[in-house]
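Presented below is the structure to which this report refers.
Every number here is computed from the coordinates shown, using simple stated rules; none is lab data. Computed from a predicted model, the values in this text were never measured in an experiment. Note that each Cβ is placed from the backbone with ideal geometry, even for glycine, and that neighbours are counted across all protein chains shown.
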Amino acid sequence: MAETSKTTLGTRISTAISSAKNEMNASANPESPKAADQAAKTSGGRRPRRARLRLTRVDPWSVMKTSFLLSVAFGIVTVVAVTIVWGVLGMAGVWDSVNQMVETVVGTSESESSFDVTSYLGMSRVLGFTMLVAVIDVVLLTAMATLGAFLYNMAAALLGGIEVTLAEDEG
């Protein structure tokens with residue numbers, strides 16, 4: 001059964017390629033055969049094949065799976081990036097500088113309790129907020145991509161889809 005479907009698909013593709021080739025040859029302008037002959041000479045005696053195909057439907061389920069995996073990867077990258085940036089800022093002494101600046105502006109002395117920015121914006125709070133944003137992004141990006149697939153399918157049903165021309169490399 002699988003062998004029959006492969007043969008049928010191969011036959012359909014070669015039929016589409018040959019019909020596209022015939023259509024292109026029939027509608028070619030006078031300068032086109034010269035360029036095609038030149039390409040045939042440089043590519044070993046044969047012209048590059050071309051096929052015009054139309055993308056009329058996108059499977060929403062595969063779009064949802066793909067967008068989910070890509071958005072999860074994006075969420076992981078976001079959490080790792082925030083962790084690295086937070087660690088680098090801590091090692092660079094930015095939080096100590098912020099603490100000193102706030103103490104200077106507020107005018108607290110050593111005997112009073114000192115200000116510590118990390119007690120308000122600690123690593124755990126920042127990472128928790130980042131993970132919350134990453135989870136919301138995963139849900140929203142997956143939903144938007146799936147909705148986009150449905151909308152594309154409806155538009156393609158009305159307008160015919162996107163036309164793509166596939167060409168064989170000349171080299």
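Tell me which GluC sites (Glu not before Pro) from region 46-114 have a DSSP coil assignment and no more than 16 other beta carbons within 10 Å of their own. In loop regions of region 46-114 (DSSP not H, G, I, E or B), the sparsely surrounded GluC sites (Glu not before Pro) are E110, E112.
Backbone geometry of region 60-71 corresponds, through the Karplus equation with coefficients 6.51, -1.76 and 1.60 at θ = phi - 60°, to 3J(HN,Hα) couplings of x, 5, 5, 5, 5, 4, 5, 5, 5, 5, 5, 6 Hz, x marking Gly and Pro. Could you give log10 I(q)/I(0) at q = 0.11, 0.18, 0.22, 0.23 Å⁻¹ for region 60-159, computed by the Debye formula over C-alpha point scatterers of equal weight, without solvent? Ignoring solvent entirely, the Cα scatterers give -0.54, -0.87, -1.05, -1.09.
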